Protein chains: 2
Amino acid sequence: MPIVVYDLAGEDDRRFSPFCWRTRMALAHKGLAADFTPWHFTEKDKIAFTGQGRVPVMVDDGKVIFDSWSIACYLEDRYADRPSLFNGDVGRALSRFVQHFVDSTAQPGLARLIIADVHRHLVPQDRDYFRKSREERFGARLEDIQAGRDQNLAGWRAMLEPVRLQLRERTFMAGEAPSYADYIVFGMFVWARGISPFVLLDRDDPLFQWRDRMMALHGGLASRMPGYSLAA
Amino acid sequence: MPIVVYDLAGEDDRRFSPFCWRTRMALAHKGLAADFTPWHFTEKDKIAFTGQGRVPVMVDDGKVIFDSWSIACYLEDRYADRPSLFNGDVGRALSRFVQHFVDSTAQPGLARLIIADVHRHLVPQDRDYFRKSREERFGARLEDIQAGRDQNLAGWRAMLEPVRLQLRERTFMAGEAPSYADYIVFGMFVWARGISPFVLLDRDDPLFQWRDRMMALHGGLASRMPGYSLAA
């Protein structure tokens with residue numbers, strides 16, 4: 001039985017969830033193949049067996065795991081003989097800090113820059129659900145949230161300063177080799193690339209070169225997805 | 001020859017530099033004794049042999065090391081047989097990310113809440129230098145920077161959300177034992193406690209309990225310094 005991942009899909013089968021990309025990169029890092037089953041926001045019934053309504057969901061050998069962090073920990077422990085995602089317990093704990101940083105600052109910040117672009121790349125049956133749930137969450141129309149992005153871009157880039165300082169000093173987040181800490185940050189950029197023409201990074205930003213390195217990893221896995229140009 | 005650390009000192013010999021506290025905790029973690037020589041802002045001549053003007057400066061066996069991160073790395077490598085500060089290369093790299101996070105967000109944010117309190121705890125000969133240099137840097141009077149702190153406290157606490165989420169899940173930043181990642185964050189709190197009565201944390205904040213654990217470490221090292229009450 002192959003590993004199955006329920007993977008958020010948009011129009012033209014664009015796979016754009018930043019959380020699903022963390023899982024996809026982690027599987028590639030481990031050298032594990034998987035079936036990435038397209039899933040749409042309005043298909044809650046298809047993952048009802050998990051008792052919750054979000055992806056990624058992974059099924060491996062009859063075991064059901066959801067939440068990208070839980071999946072990464074499962075892969076690290078179950079496939080301990082394969083290349084490590086964390087490099088030990090301390091690496092695992094501090095990768096989790098990277099995730100808390102991304103999930104509470106830059107990733108929700110990015111949502112505000114591209115949320116109407118997300119909407120227009122959804123399959124038609126998902127669009128009403130997405131608009132209603134996100135407009136309730138943000139308290140504004142999708143187009144209004146995104147409207148100020150030219151002005152808000154500098155503030156978003158500033159949120160990434162700790163990552164920028166980190167990548168100015170080393171090739172990847174945790175040293176000379178990619179690890180799960182990179183996949184956490186990278187998920188954001190694959191998300192944006194898949195659905196938005198908005199240019200996030202300047203060429204002279206250390207994040208720009210790092211993102212290129214990430215796009216090339218695992219046989220250019222992320223670059224094979226349909227997406228927009230990354231440079232102006 | 002004992003290890004010597006040039007350590008920022010205020011009135012009543014209060015040692016309040018957050019960077020010097022990272023070094024002090026790191027030395028204690030390694031079980032290394034040191035002479036913490038009091039140093040004042042206007043004593044640039046005393047550390048001129050380093051070619052720069054900031055503390056901590058450490059001298060060990062004729063070697064001169066400055067900058068708290070460089071000192072931590074030196075201690076880890078030179079005293080590799082003693083308890084580890086980083087637990088390997090990945091732990092070292094990701095501890096550096098914690099430092100980039102603290103140094104670019106919460107620590108400069110804290111400065112704005114307590115900077116006039118710092119000033120009034122300096123030795124008299126340091127006060128004019130401090131006022132002039134900091135008022136130039138911030139473009140405002142020390143008292144005016146600090147004046148809005150009741151309103152600014154919530155925003156500062158929000159900056160610490162990634163740390164809070166991390167400490168809600170584990171005893172210390174990198175797991176069940178303290179490590180250099182904790183000392184980076186903790187330096188801020190020892191700094192504030194030493195010179196300001198302003199209460200930073202609520203009792204129900206996971207950071208509050210963690211700070212208590214940190215205060216008790218290494219024989220209550222930080223709690224033996226003169227300081228203000230940590231709770232309202």
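Each reported figure results from applying straightforward, stated rules to the coordinates on display, with no laboratory input. Everything numeric here is computed off the predicted structure, so don't read it as measured data. Don't worry about glycine lacking a Cβ; one is built from the backbone with ideal geometry, like all the others, and counts go over all protein chains shown.
With +1 on each Lys and Arg Cβ and -1 on each Asp and Glu Cβ, and nothing else charged, work out how big the dipole of the protein assembly as shown is about its Cα centre, in Debye to the nearest 20.
So the dipole magnitude of the protein assembly as shown works out to roughly 240 debye.
Can you list the distances in nanometres, one decimal and ascending, from the A:Thr42 label point to the identical position in each other copy, with the point 7 Å along Cα to Cβ?
Label-point distances to the other copies, shortest first: 7.4 nm.
Highest GNM mean-square fluctuation, chain B, Cα pairs closer than 10 Å: which of B:Val118, B:Val59, B:Val90?
Highest fluctuation of the listed residues: B:Val90.
To confirm my reading of the symmetry, which residue of chain A has the Cβ nearest the axis that brings A onto B, and what whole-Å distance does it have?
A:Leu94, 2
Across peptide B:98-105, what mean number of C-beta atoms from other chains lies inside 10 Å of a residue's C-beta?
6
Just A:Ser104, A:Ser95, A:Ser17 to compare: in a GNM of chain A, with alpha carbon springs under 10 Å, which one fluctuates most?
A:Ser104
With +1 on the Cβ of every Lys and Arg and -1 on the Cβ of every Asp and Glu, and nothing else charged, how large is the dipole of the stretch A:80-225 about its Cα centre, in debye rounded to the nearest 20?
In debye, rounded to 20, the stretch A:80-225 gives about 200.
How many lysine pairs are close in the protein assembly as shown, with Cα atoms under 28 Å apart and the two 8 or more places apart or on different chains?
Total qualifying Lys-Lys pairs in the protein assembly as shown comes to 12.
Would you work out which of A:Cys20, A:Asn152, A:Pro2 lies farthest towards the positive end of the dipole of chain A? Charges go on Cβ: Lys and Arg +1, Asp and Glu -1.
Comparing the listed Cα positions along the dipole, A:Asn152 ranks first.
Working out 0.36 nm times the residue gap between B:Arg203 and B:Glu161, then minus their Cα-Cα distance, what length gain in nm do you get to one decimal?
Answer, rounded to one decimal: 13.6 nm.
In nm, to one decimal, how far is the B:Lys44 label point from the A:Asp89 one, both placed 7 Å along Cα→Cβ?
Roughly 4.8 nm, to one decimal.
Find which of B:Leu142, B:Phe198, B:Ser84 sits farthest along the positive direction of the dipole of the stretch B:71-228, computed with +1 on the beta-carbon of Lys and Arg, -1 on that of Asp and Glu, about the Cα centre.
B:Leu142
Mind listing the label-point distances from A:Asp77 to the same position on all other copies, shortest first, one decimal in nm, points 7 Å along Cα→Cβ?
Listed shortest first, these distances are 3.6 nm.
At 7 angstrom along the Cα-to-beta-carbon line, where would the label on B:Arg120 sit relative to the other copies? Give the distances in nm, shortest first.
Label point to label point, same position, other copies: 5.7 nm.
Mind checking which of B:Val55, A:Gly220, B:Ala232 is farthest towards the positive end of the protein assembly as shown's charge dipole, using Cβ charges of +1 (Lys, Arg) and -1 (Asp, Glu) about the Cα centre?
Going by the charge dipole, the pick is B:Ala232.
Once you've got the GNM for chain B with C-alpha springs shorter than 10 Å, pick whichever of B:Pro206, B:Pro178, B:Pro108 has the biggest mean-square fluctuation.
Fluctuation is largest for B:Pro108.
How much length would be gained if the chain were fully extended between A:Thr171 and A:His218, taking 0.36 nm per residue of separation minus their Cα-Cα distance, in nm to one decimal?
Here the answer is 15.3 nm.
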